[in-house]
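Here is the structure we will look at, set down as structure tokens.
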Amino acid sequence: MGIRKKSREVPVINQAYYNKQTKESLYAQRKKKLLIRRLVAFSLVAGATTFLVLKTLHSQQVVLDEKENQLKELKAEYQEIIDKQEFLKDEIIKLQDEEYIGKYARQELFLSDDGEIIFSIPEAEDGEDSD
């Protein structure tokens with residue numbers, strides 16, 4: 001008996017089947033690569049769209065906050081005007097009364113009525129205590 005040398009190559013029994021499996025394997029790899037590329041492209045588009053939407057929402061929120069602050073300021077200003085208007089209406093009513101006009105003239109303009117003496121008291125300076 002002779003010693004046979006073992007061949008390390010496996011003989012291909014069905015070459016057509018092997019070729020078909022190789023082609024299907026290459027096709028599956030290509031298909032997988034295309035799927036990955038599509039998913040990456042979709043992810044990039046979805047990420048960019050999400051970023052733009054969030055950026056737009058943030059800028060609109062900033063504008064809304066500014067407008068709300070402006071509204072608060074205008075409401076406060078409006079209330080001051082309303083209060084001033086009420087004060088001026090009261091002054092108009094008071095200035096139609098001769099007795100009030102007399103008191104006002106004596107107080108603000110230092111005018112005196114018959115028999116009255118006006119005393120001027122100096123106002124205290126900021127550093128002095130008025131005990």
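Since every read-out is calculated from the coordinates, none of them should be taken as a lab result. No experiment lies behind these values; they were computed from the predicted model shown. Backbone-built Cβ (ideal geometry, glycine too); neighbour counts: all protein chains shown.
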Review point. When the chain is fully extended, how far beyond the present Cα-Cα distance does GLN79 get from TYR100, taking 0.36 nm per residue of separation?
Key: 4.8 nm
Practice item. State the extension gain, in nm to one decimal, for the chain segment bounded by LEU64 and ALA46, taking 0.36 nm per residue of separation less the distance between their alpha-carbons. Key: 3.8 nm
Check your understanding: How far is helix 15-95 tilted, in degrees, relative to the longest principal axis of the Cα atoms in the chain, given as a value from 0 to 90 rounded to the nearest 10?
Key -> 0
Practice item. Round to a whole angstrom and tell me the spacing of the C-alpha centers of segment 79-117 and segment 38-55. Key: 71
Revision key, fill the gap. In nm, the gap between the two label points placed 7 Å beyond Cα toward Cβ at LYS31 and THR56 is 3.8
Point to revise | Mean residue ellipticity (222 nm) of the chain, computed from DSSP H runs ≥ 4 via -39,500 (n - 2.57), nearest 500 | key: -26000 deg cm²/dmol
Revision key, fill the gap. note: the chain, Cα-Cα separations exceeding 27 Å make up a percent value of 74
**Study point:** Count of Lys pairs (Cα-Cα under 21 Å; at least 8 positions apart or interchain) in segment 17-108
**Key:** 14
